1. So for ILE113, ILE33, ILE107, fewest C-beta neighbours within 10 Å to most, what's the order?
2. State, as an integer percentage, the relative contact order of the range 12-83 based on alpha-carbon contacts under 8 Å between residues 6 or more apart.
3. Only bridges whose two residues both fall in the chain count here: according to DSSP, what percent of them are antiparallel, nearest 5?
4. Using a Förster radius of 25 Å, what is the FRET efficiency between MET1 and TYR115 based on their Cβ-Cβ separation? Nearest 0.05, please.
5. Which entry in (1) 26.2, 90; (2) 30.7, 122; (3) 23.1, 78 is this structure's computed Rg and Dmax of the Cα atoms in Å?
6. Just to be sure I understand: of the beta bridges DSSP finds with both ends in the range 2-86, what percent are antiparallel, rounded to 5?
7. Using a 7 Å offset from Cα along Cα-Cβ at GLN102, what residues in the range 134-155 end up with backbone N under 19 Å from the label point?
8. Percent relative contact order of the range 204-261, based on C-alpha pairs within less than 8 angstrom and at least six residues apart?
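Quick note: the coordinates plus some simple rules give every number you see, no bench work behind them. No experiment lies behind these values; they were computed from the predicted model shown. Every residue, glycine among them, receives a Cβ derived from its backbone with ideal geometry; neighbour counts consider all protein chains shown.
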Amino acid sequence: MKCTIQLIPTPSTSISLPMKAIETLGLTGRQSITVNIGALQKKADLTSHDDQERCIYISSDLVKGTSLPEWIEYKMKFQDNVLLIGPIIGMLVRGKFSEMNQQRIKIYKNYLIDYKHVNGLIILFTADGIDVKNKQVQGFAYNPREHVWVKGVFPFPSAVFLRRTIKESIRKTLQKLIADHFFNSHIFNKWEMWQWFSGNHQLRKHLPETVLAQNMEDVKRLMLVYRKIFIKPRAGMQGTGIYQLSYDGQEYKLSYRIKGRNITTILRNWEAVQKYFQTELNLERCIVQQKISLLRNNNRVMDIRVLAAKNHNGVWTVPGMVTKFGEVDSIVSNISSGGSAEKGWLSLMELYKEDPKMAFKKYMEIEKIAILCCEALEKRGLHLGYVGIDIGIDEDHHLWIIEINNRSPDMTIALDAADLQLYYQIKTAPIHYAKWLAGFGGE
């Protein structure tokens, strides 16, 4: 049930609920109760009142001098003998608290487009604003009435959506405060993905064979088997730093992009290839993969970005897909490298225009692989709320896992495909999942 909060000075730690709330929550006859507000948990005397039907009075010492804005509607839930008041959700962002201003932080309001279905206290904060001892944080709370961020000191949130990479020290701090109730904190690269997924019999057949670039014997073996290979940065993003090496039986052709231009270098023999790699590339930071002959559209390579997210019940879902088309003759499909995008379903319908049922089957197959990827990552101990998974279709219509972006998957790709509904769905998904983590999901 929804309520507003008023903090009042009292000689004892107490909370006063409307009589109707006492009855609804099954608290009749109780004289004390354990109250949980964000990371704060404390036992308090329980009383009732008939002043305002949806207002609860909380003694100031219950929240240790922090503020609980009166212009926010909270929810109450009695669970496991604890009264939960919230949700209290946090977004941890880059920088320092002193650097935060309205101009810089206004972009985060985009995550709260669907605030009316979330409610509660949403706090924007930086690492230096955390007070572990008092379980509170200095930051900015979202005011849904004025649509602005308001500075203050608040109870530390019970669930945190990370909008930045974090050091191990910050990870330990968060674990101390809220256990594992924070997400999108783990970063992994393409080599780690290969190591984790190649042992999964459901995913292995969808993975291009991968080796470390520094082991030239393995690279040569891949070249002999497949005749075409990709050299990629382990942690590369947006299609940068990718090379394609092909062999026609006489010479090697190395293709890549520089400043928006397609470049080709001819290497006469394997010794020349090895010398080029060792002098021009940082092999310790690269992997090598078999080249997949992906489907092309008007000589533009294409793959599908699957947008996967946890929903308000903590379950992995696929709100939608976007097809990426590379620039003509480019070896990558990335939009940042001159490509374009359209709704994934439209692309599949065009691809299988003679058989719409096959388009649907392929869509469901792609969705299944994406969910399997997410579940496999969770089994590795990664706590994620949303990811972007690139899946390609080869000339035999087999599906391949190209890459997984979990650092900060670009949600605006939905806008590139003119899919505003998908953009709003994926943009708001992390906050709905955080609400579930905070104990208020399934609503």
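1. Exposure proxy ranking, most exposed first: ILE107, ILE113, ILE33.
2. 42 percent
3. That works out to approximately 75 percent antiparallel.
4. Efficiency, from the Cβ-Cβ distance: 0.85.
5. (1)
6. In the range 2-86, approximately 50 percent of DSSP beta bridges are antiparallel ones.
7. Flagged as within label range: 139-153.
8. Normalised by residue count, the contact order of the range 204-261 is 21 percent.
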